[in-house]
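The values are calculated or read from the model by the stated rules, or taken from the named source; none is laboratory data. Note that the structure is a prediction, hence the values are computed from the model and not measured. Methodologically, a virtual Cβ is constructed for each residue, glycine included, from the backbone with ideal geometry; neighbour enumeration extends over all protein chains shown.
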Amino acid sequence: MENFDKNRYIEECEAKLAEKFRQIDNIACFNQAKVCDAFAENRIAVRHFAGTTGYGYGDEGRDCLGKVFASAFGAEEGIVSPHILSGTHALTVALFGLLRPGDTLFCISGMPYDTIRGVIYGYDNGSLKDFGIKFCCCDLVDGKFDYPAIKMGLAEAKVVYIQRSRGYELRDAFSVDEIEEACAFVRENGFKGCIFVDNCYGEFVEKREPTEAGADIIVGSLIKNPGGGLAQTGGYICGKAEYIDLIGKRLTAPSIGLEVGSHALGYQYYYQGFFMAPHTVAQALKCSLLIGEAMAGLGYKNYPPLDELPHDITRAIEFDDAEKMVHFIREVQYASPVDSFVTCEPWDMPGYDDQIIMAAGTFVSGASIELSADGPVVPPYIAYFQGGLTYEHGKYALSKILDKIV
Ligand SMILES: *Cc1c(COP(=O)(O)O)cnc(C)c1O
């Protein structure tokens, strides 16, 4: 395009987004208050940041971190741990804690995220299926819950599973209102078991979490939203006390539960990251909208729609062309603070069926609350863009992307 004034174009996109940005700031303020209240309620002090060793009996930092998350998320109890190795691991521990041989796991939000599939029905790999736990899944209809189909599956189910975010699917994330409606529906239809939400990428995007809207358990990763960009690894599980107790026994040992677990490096970054998270999530949401608006203006379809507030921090951008997708992802890498000199290539990755290309020039390895982009290199060639610790970084990355694609 000749005479393309990049800076003016970015300013025009920002002007269109001004009202959304104001709403996002408003949500961040609300959530900041929730987090501060959770810190105050649990009387967090400097001693909670201290490291412990060995068994970690009486580790107050560990115990109170779980309580702070639980308070902020409107849950009874919480497990927050650097010993949870990823979101997939958190989900695995939680599911194995809740389900017993002969039980059925019923997913009502379509096929779950790629890495969870092997956990649920992998063959001879120690999956839930190997332990005699059945799986049943209800597809979405036009991206929405299929209530008549859900009703039919409920009688068998022990755990009803909802994935809030899109994962590598084109559907949009569920709003907390939609999750609330689904929770109410399964209860009205006599479901007595556990309503379980994969909350990855959803934390602090809205004013409420699923646990404040009828869900019994929420699970997520600390190198996404609730780690605020500071947590160096880990995951969390929050919800009803009886379920957290069962899950704690699976995380450690059935005879021991949540009494053990030390972390010699201490917990400061986990507390501080959670304190930062409402703000960091707002930055990521603004980056997502700015990139979305700019790409849409150049003719690239992307989701979620730009005329409403997003329900998670991810953005799916459709390229319809492998090369364009790869170029976009490479520019995100070139705009990164770490490994900016690296050129991304598609690769086979554990837990995924297709080749994945991933830009993650992040301080915390693989952290997708930091500016990152990835996706399976298969038609219709969709790049999933997420994160951005600062809005300014997102804007810088956009500027480089525009240099390349216009
Ligand atoms: C990120 C994510 C997970 C967990 O992934 P990890 O890479 O193991 O942390 C699970 N579900 C969804 C929807 C996710 O976005």
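Please find, within region 182-193, the residue that is nearest to the ligand (Cβ to nearest atom) out of those that are hydrophobic (A, V, I, L, M, F, W, C) and either within 18 Å of MET111 (Cα to Cα) or crowded, with 16+ Cβ neighbours inside 10 Å (or both). Once the filter is applied, the top-ranked residue is ALA182.
Regarding region 278-294, can at least one residue be identified that is in contact with a helix residue (DSSP H, G or I) (Cβ under 7 Å, 6 or more places away or on another chain), assigned to a loop (DSSP other than H, G, I, E, B) and closer than 24 Å to ALA18 by Cα? So far as region 278-294 goes, no, none of its residues is in contact with a helix residue (DSSP H, G or I) (Cβ under 7 Å, 6 or more places away or on another chain), assigned to a loop (DSSP other than H, G, I, E, B) and closer than 24 Å to ALA18 by Cα. Scanning region 325-379 for residues that are farther than 21 Å from PRO112 by Cα, touching a Cys at 6+ places or on another chain (Cβ under 8 Å) and among the aliphatic types (A, V, I, L, M) gives VAL326, ILE329, ALA359, LEU371.
Taking GLY214 as the residue in question, decide whether it is assigned to a loop (DSSP other than H, G, I, E, B) and touching a His at 6+ places or on another chain (Cβ under 9 Å). Against the criterion (assigned to a loop (DSSP other than H, G, I, E, B) and touching a His at 6+ places or on another chain (Cβ under 9 Å)), GLY214 does not qualify. Contact annotation: residue pairs with Cβ atoms under 7 Å, 6 or more positions apart or on different chains, pairing a residue in region 393-404 that is surrounded by 18 or more Cβ atoms within 10 Å (Cβ to Cβ) with a partner that is of a type outside the set (Gly, Ala, Ser) and not in a helix (DSSP H, G or I), are HIS393/LEU371; GLY394/LEU371; ALA397/LEU371. Number of residues in region 138-153 that are outside any helix (DSSP H, G or I), of a type in the set (A, V, I, L, M) and surrounded by 14 or more Cβ atoms within 10 Å (Cβ to Cβ) equals 1. Go through region 71-85 and give me each residue that's within 16 Å of the ligand (Cβ to nearest atom) and under 18 Å from PHE274 (Cβ atoms). Scanning region 71-85 gives ILE79, VAL80, SER81, PRO82, HIS83, ILE84. Within region 212-242, the residues that satisfy the criterion of being of a type outside the set (A, V, I, L, M, F, W, C), surrounded by fewer than 24 Cβ atoms within 10 Å (Cβ to Cβ) and either within 16 Å of the ligand (Cβ to nearest atom) or under 27 Å from ARG100 (Cβ atoms) (or both) are GLY214, ASP216, GLN232, THR233, LYS240, GLU242. Under 6 Å by Cβ, and 6 or more places apart or on different chains, what pairs join a residue from region 109-137 that is within 23 Å of PHE174 (Cβ to Cβ) with one that is at pLDDT 95 or above and exposed (fewer than 14 other Cβ atoms within 10 Å of the Cβ)? Every condition considered, the pairs that remain are GLY110/ASP139. Tell me, please, whether a residue that is in a loop (DSSP other than H, G, I, E, B), charged (D, E, K, R) and modelled with pLDDT of 95 or more can be found in region 166-173. No; the residues of region 166-173 include none that is in a loop (DSSP other than H, G, I, E, B), charged (D, E, K, R) and modelled with pLDDT of 95 or more. If you check GLY193, GLY220, GLY227 for being of a type outside the set (A, V, I, L, M, F, W, C) and closer than 17 Å to PRO112 by Cα, only one passes: GLY220. Residues in region 345-369 that are in a loop (DSSP other than H, G, I, E, B) and under 25 Å from LEU230 (Cβ atoms): ALA360, GLY361, THR362, PHE363, VAL364, SER365, GLY366, ALA367, SER368, ILE369. Among the residues of this structure, PHE196 does not count as one that is part of a loop (DSSP other than H, G, I, E, B) and not hydroxyl-bearing (Ser, Thr, Tyr). Could you please find all residues in region 370-382 being in contact with a Phe, Trp or Tyr (Cβ under 9 Å, 6 or more places away or on another chain) and in a loop (DSSP other than H, G, I, E, B)? GLU370, LEU371, PRO380, TYR381 - these are the residues of region 370-382 that are in contact with a Phe, Trp or Tyr (Cβ under 9 Å, 6 or more places away or on another chain) and in a loop (DSSP other than H, G, I, E, B).
Selection of region 153-173 for residues being under 20 Å from ILE120 (Cβ atoms), within 11 Å of the ligand (Cβ to nearest atom) and of a type in the set (A, V, I, L, M, F, W, C) yields only ILE162.
Of the candidates VAL68, VAL46, the single residue that is of a type outside the set (Lys, Arg), under 19 Å from PHE274 (Cβ atoms) and outside the structural domain of LYS151 (by TED's automatic domain parsing) is VAL46.
When each of ILE179, ILE150 is tested for being more than 16 Å from the ligand (Cβ to nearest atom), in contact (Cβ under 8 Å) with a residue 24 or more places away in the chain, in the same structural domain as GLY228 (by TED's automatic domain parsing) and of a type outside the set (Phe, Trp, Tyr), the lone residue that passes is ILE150. Candidates in region 273-327 are the residues that are more than 18 Å from GLY375 (Cα to Cα) and more than 23 Å from the chain's Cα centre (by Cα); of these, the one that is surrounded by the fewest Cβ atoms within 10 Å (Cβ to Cβ) is GLY299. Please determine, by comparing only the residues of region 104-126 that are assigned to a loop (DSSP other than H, G, I, E, B) and crowded, with 18+ Cβ neighbours inside 10 Å, which one is modelled with the lowest pLDDT. Within region 104-126, the match that is modelled with the lowest pLDDT is TYR113.
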